[in-house]
Structure formats: C-alpha cells, structure tokens
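S.K.: What follows is a single structure, and I will ask about it in a moment.
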Amino acid sequence: MSNLSIKKHSEKSAPATEALAPLRMMRRLLGWDPFQEMAPFIAAEEPGLTFMPAFEVKETKDAYEFRADIPGVAERDIELTVTGNRLTISGSREAEVEDKTDRYFATERLYGSFVRTFTLPDGVDPDQVTATLVSGVLRVVVPKKPETQPKKIAVTSQETHVAHAIEHGAEGSQPAESTPPQSASEPH
C-alpha cells in the first residue's frame, strides 16, 4: 500500500500538533492569535486546523480494515468509493448553529469536510467492501480474494519420506501374497 506507512506497536507516534509551526501551535493551545488583531481582514481559519479524522489501517488474514473516529458525522454525510485500486472516504461534520447572544470561552472543536484516499494492494475484492458506523467509529473492511490468501504448505524431510516408504513397502510395491503350499494328495 504505497501511501501508508507501516507502524510497529512498539513505536510511539508523534502527535499531529508537532507538525505545526510554533506559532500555529501557540494559537491552537491558547486559542488566541495576536496577529489576527493586527490584521482582522485575513481569514482566521487555517487549512491545517480543519476537521481531518485520523485512520488506523491494519491487515488481517482475510482483509484490510480501516477505522476512523468520526463523532458527530451522520451516515448520510459519509461517502465511500472504490475506483480501480483506490479507496476514497469522504465526509463532513457541520458546525452547530451559533447563537450570537452566547459568549464562548473556548472553541476547539473542528468542523468541515474531509477526503482520504488509500491505494489498495493487488488481490482485494472491491465488490465485497463493507462499511459500518457504530458509536462514531467508521469501520471499512476490504476483503482479500480467496486465491490471494496464504496457503499453508506442509514440509517433510527426506527421513520422513523414507520411513513412510518402508512402512508401506519398498518403492511403492505391495508385498507378495503368500499362498499355502498344496499337498500332493489334493487334487489340482
């Protein structure tokens, strides 16, 4: 999967805020932008501070599983498409209607639209993709085709093969049936 990085459970991931410049981090932590007061005509919303759910992607024996926490997003606001080997998940979380008479002390919740596209590996079955939304958690399962799933192959040693051949007769031949000798007095 070309646009996915593989993360081992033992590695610690860096928080998303570390990727922001120091001034952006200050604005986010304090909820105050001193430069906005000097230039109120510049839009306060930054593209890096819009709603973008983080995804977990894991591979199981039978499928690839994508999970994202998207609280406040309704089923009708989510769209999944598979085009060739691309899985696209998009949606939006609308801002609540603000009452202008209310006084806000903090506004930290993020709203807006998001789009994530993942490149799927060869061997998946795009016709069998399923998606569920339970308690604000989106779960998308992309099953693998049966012919691409690993098959276990038994390994035998030469000693085992020789012992098996001796047990069942040398070189696959059956032991000769013995017939009792006929006595001279019996008629032929």
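S.K.: Please give the charge dipole size of the stretch 52-148, origin at the Cα centre, charges +1 on K and R Cβ atoms and -1 on D and E Cβ atoms. Round to the nearest 20 debye.
M.R.: 160
S.K.: What ranking of 120, 110, 138 emerges when the number of other C-beta atoms within 10 Å of each C-beta is taken as an exposure proxy, fewest first?
M.R.: The fewest-first ordering by Cβ neighbours comes to 110, 120, 138.
S.K.: Local charge sum around residue 74 (other residues, Cβ-Cβ under 13 Å, Lys/Arg +1, Asp/Glu -1)?
M.R.: Summing Lys/Arg as +1 and Asp/Glu as -1 gives -2.
S.K.: Considering amide H positions built from the backbone, and no H for Pro or chain starts, which residues 5 or more places from residue 120, or on another chain, come under 5 Å of its amide H?
M.R.: The answer is 86, 87.
S.K.: Can you sort 104, 111, 64 so the residue with the fewest Cβ neighbours within 10 Å comes first?
M.R.: 104, 111, 64
S.K.: On to the next question. Amide H to amide H under 5 Å from residue 137: which residues, 5+ apart in sequence or cross-chain, H placed 1.01 Å off N in plane?
M.R.: 70
S.K.: Something else: Stick to the Cα atoms of the stretch 52-148, pair each with every other, and give me the Kirkwood hydrodynamic radius in Å at one decimal.
M.R.: Averaging 1/r across every pair of different Cα atoms and inverting gives 15.1 Å.
S.K.: With θ set to phi - 60° and the Karplus curve 6.51 cos²θ - 1.76 cosθ + 1.60, what are the ³J(HN,Hα) couplings of the stretch 110-117 in order, to the nearest whole Hz, using x for Gly and Pro?
M.R.: With the stated coefficients, the stretch 110-117 comes to 9, 10, x, 9, 9, 9, 10, 10 Hz.
S.K.: Using the number of other C-beta atoms within 10 angstrom as an exposure proxy, rank 70, 166 with the fewest first.
M.R.: If I rank by nearby Cβ atoms, fewest first, I get 166, 70.
Bear in mind these aren't lab numbers, they're just calculated from the coordinates by the rules spelled out. What you see is a predicted model; the values in this text were computed from it and never measured. FYI the Cβ positions are ideal-geometry reconstructions off the backbone, even for glycines, and counts take in every protein chain you see.
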